[in-house]
Amino acid sequence: MAKRRVMFTFPTELVTEPIIYNLGMQFMVVTNIRRADVTEDRGWVILELEGKEGDIEKGLAWVISKGVKVDRVTGDVVEG
Amino acid sequence: MSFARALRCRECHREYPLQPLYVCEFCFGSLEVAYDYQALARATSREKIAQGPLSMWRYRDFLPLEGEVVDMNAGFTPLLKADNLGGVLGLKGLYIKNDCVNPTYSFKDRVVSLAVSKAREFGFDTVACASTGNLANAVAAHAAKARMKAFIFIPADLEKGKIVGTAIYRPTLVAVEGNYDEVNRLCGELAERYPWAFVNINIRPYYSEGSKTLAYEVAEQLGWRAPDHCIVPAASGSLYTKVWKGLHELSSLGLIGEVKTRMHLAQPLGCAPIVQAFQRGDKRVKPVRPQTLAKSLAMGNPADGVYALRVLRESGGGVAATPDEEIVEGMMLLAETEGIFAETAGGVVIAGLRSLAQAGAIAPGETVIAYITGAGPKTVEAVEDKIVQAITIKPTVASFEQSLGAKLREETPHG
């Protein structure tokens, strides 16, 4: 089983959609939310994903295709 | 002996032992070094610091290191009174903190000297980083000095000049074929997979503390006082927050008076997520896709963005985002007035300073520190087609005088 720590940033139009629920249900990925801030017009969620590597990859590709921005929790690592 | 006491989560404040950890297991917040300031206050003094080496290691008591230093003499760089540039910008109290003159020509030598020393103290035999230039140079050089193995990851399309400045130290140099996000993701995964000291990942809490020395030095060089203003370039935002932390540490230890410094933050317009979040009034940074000449500041998802925003609000600082063409103007202005050839990040600082000065954010007599963090010869392609071109002549006086024509009218030849 693989683990991935990610930050989802939701645009306004997706704030009301159950993206994280569907990620868990459709891709067999366990989602564990650690921190979040969601208002009526935007939101971010920091969470850990656990599952088979391939399932996490497919799940994240689906999340991105829905319009959610997916980033590393700890920021970029390539420095100038 | 170090006065570091623990690693502490910057979000939920849980504490962890001083190990190669970087993220809170509970809330995934980033970890920072916490110190025993009471013990440090008893151990330090201006006199003791003044007797130390002429490098960042004169402030060793303020840094989280127990073991031996991997020392290439980083730091204690000149603080130059910039009267010519100050005259142009209308700032009588302008100083340049010139970190171009570090061992590998950027401020990264400070953070890396600490990170590689700490990695060796932890028992690692290999250091690593992902970089587009300055960090790669500093890690490769310090690994060579420490006789440690180094793995340096660079984007495959990096300019040759930047590769040479790393390759000369003979690290294992890995060029990653992929876009910026893919390189980021790969290196994050490798850091979890291999028992290496990735300086800005699993050693990051220690690494970033090295930047505090840029605040200590300025305060000492000003005669033990905090400046009225600092302007600092921001990529991850770490340097910016650590300058603020460093000034406050000195003040809380009684080495300087109260800190009323206004901390200004400069980014290139093509990668300005912190500036934009501040302008929107957000507490959190929204990641962007970088597109700027200033490659050393191109971090679209800045790790310390949220903390930089806090410092901006606490200190009453301002922000500036500079388009590429003005970055080059800033580099040229610094070179033409003060004789300092800075890299693009320096252009971002000078152009940002100009716009803040024009906006009236700085009173003419106040003390301002412009942090110039890296040297220009690393990024010649940024300016090579915009600077003066050589006048080509035949090896005769006639050719010289004919070609220069108008320029020589004010000159009087001998005899």
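Nothing in this text is a laboratory measurement; each read-out follows from the coordinates by a stated rule. Here the structure is a predicted model, which is why all the values come from computation and not from measurement. Cβ: placed from backbone, ideal geometry, glycine included. Neighbour counts: every protein chain shown.
I'd like the antiparallel share, as a percent to the nearest 5, of DSSP beta bridges with both residues in region B:115-205. Expressed as a percentage, antiparallel bridges in region B:115-205 total about 0. When the Gaussian network model of chain B links Cα atoms closer than 10 Å, the mean-square fluctuations of B:Lys160, B:Lys242, B:Lys295 top out at B:Lys160. Amide H contacts for B:Val176 (H built 1.01 Å from N in the peptide plane; partners 5 or more residues away or on another chain; cut-off under 5 Å): B:Ile154, B:Ala156. Shape annotation for region B:269-320: C-alpha extents along the principal axes are 30, 17, 17 Å, from largest to smallest.
Please get the size of the charge dipole for region B:318-385, origin at its Cα centre, with Cβ charges of +1 on Lys and Arg and -1 on Asp and Glu, quoted in debye to the nearest 20.
Working: 2 positive and 11 negative charges, 69 e Å.
Charge dipole, region B:318-385, about its Cα centre: 340 debye, nearest 20.
Treating each Cα of region B:114-221 as one equal point scatterer and applying the Debye formula with no solvent, the log10 of I(q)/I(0) at q = 0.19, 0.21, 0.22 Å⁻¹ comes out as -0.95, -1.10, -1.18. A cut-off under 13 angstrom between Cβ atoms defines the neighbours of B:Ala128, and their net charge, with Lys, Arg +1 and Asp, Glu -1, is -1. When Rg and the Kirkwood radius Rh are both evaluated on Cα atoms of region B:1-86, their ratio Rg/Rh stands at 1.10. Considering all C-alpha pairs of the protein assembly as shown, those separated by over 42 Å amount to 19%.
Couplings 3J(HN,Hα) of region B:43-51, computed from phi: 8, 10, 6, 4, 5, 5, 4, 4, 7 Hz, in residue order, whole Hz [Karplus 6.51 cos²θ - 1.76 cosθ + 1.60, θ = phi - 60°; x for Gly and Pro]. Computed from backbone phi with θ = phi - 60° and the Karplus coefficients 6.51, -1.76 and 1.60, the 3J(HN,Hα) list for region B:152-167 is 10, 9, 10, x, 4, 8, 5, 5, 4, x, 6, 5, 4, x, 9, 4 Hz; x is used for glycine and proline.
Across peptide B:257-267, the mean count of Cβ atoms from other chains lying within 10 Å of each residue's own Cβ comes to 0.
Radius of gyration (Cα atoms) of chain B, expressed as a multiple of 2.2 N^0.38 Å: 1.01. Here the alpha carbons of region B:214-302 define both size measures, Rg and Dmax, at 14.7, 43 Å.
Per-residue Cβ counts within 10 Å, from other chains only, averaged over A:68-74: what number is that?
Average neighbour count from other chains, rounded to a whole number: 6.
Proximity of backbone amide H atoms, modeled 1.01 Å from N, is registered between B:Glu343 and B:Gly374, B:Ala375, B:Gly376 at under 5 Å, excluding neighbours fewer than 5 places apart on the same chain. The phi-based Karplus calculation (6.51 cos²θ - 1.76 cosθ + 1.60; θ = phi - 60°) puts the 3J(HN,Hα) values of region B:301-309 at 10, x, 4, 10, x, 5, 6, 4, 4 Hz, whole numbers, x for Gly and Pro.
Using a Gaussian network model of chain B with C-alpha springs under 10 Å, which one of B:Gly376, B:Gly165, B:Gly188 is most mobile by mean-square fluctuation? Residue with maximal mean-square fluctuation among B:Gly376, B:Gly165, B:Gly188: B:Gly188.
Among B:Tyr194, B:Val380, B:Val319, whose Cα sits farthest toward the positive end of the charge dipole of chain B (+1 at Cβ of Lys/Arg, -1 at Cβ of Asp/Glu, about the Cα centre)? Result: B:Tyr194, furthest along the dipole toward the positive end. Translational diffusion of chain A, estimated by Stokes-Einstein from the Kirkwood radius over alpha carbon pairs at 20 °C in a medium of 1.002 mPa s, is 167 µm² per second.
Expressed as a fraction of 2.2 N^0.38 Å, the rule-of-thumb size for a compact globular protein of N residues, what is the C-alpha radius of gyration of region B:86-130? Could you put the intermediate results ahead of the total?
Numbers: Rg = 17.0 Å, N = 45, 2.2 N^0.38 = 9.3 Å.
This ratio for region B:86-130 stands at 1.82.
Separation of region B:306-383 from region B:1-55 is 30 Å, based on Cα centroids. Can you tell me the relative contact order of chain B? Whole percent, Cα pairs under 8 Å, sequence separation 6 or more. For chain B, the relative contact order is 15 percent.
Structure remark: mean-square fluctuation, Gaussian network model of chain B, C-alpha springs under 10 Å; the largest value among B:Ser296, B:Ser399, B:Ser113 belongs to B:Ser399.
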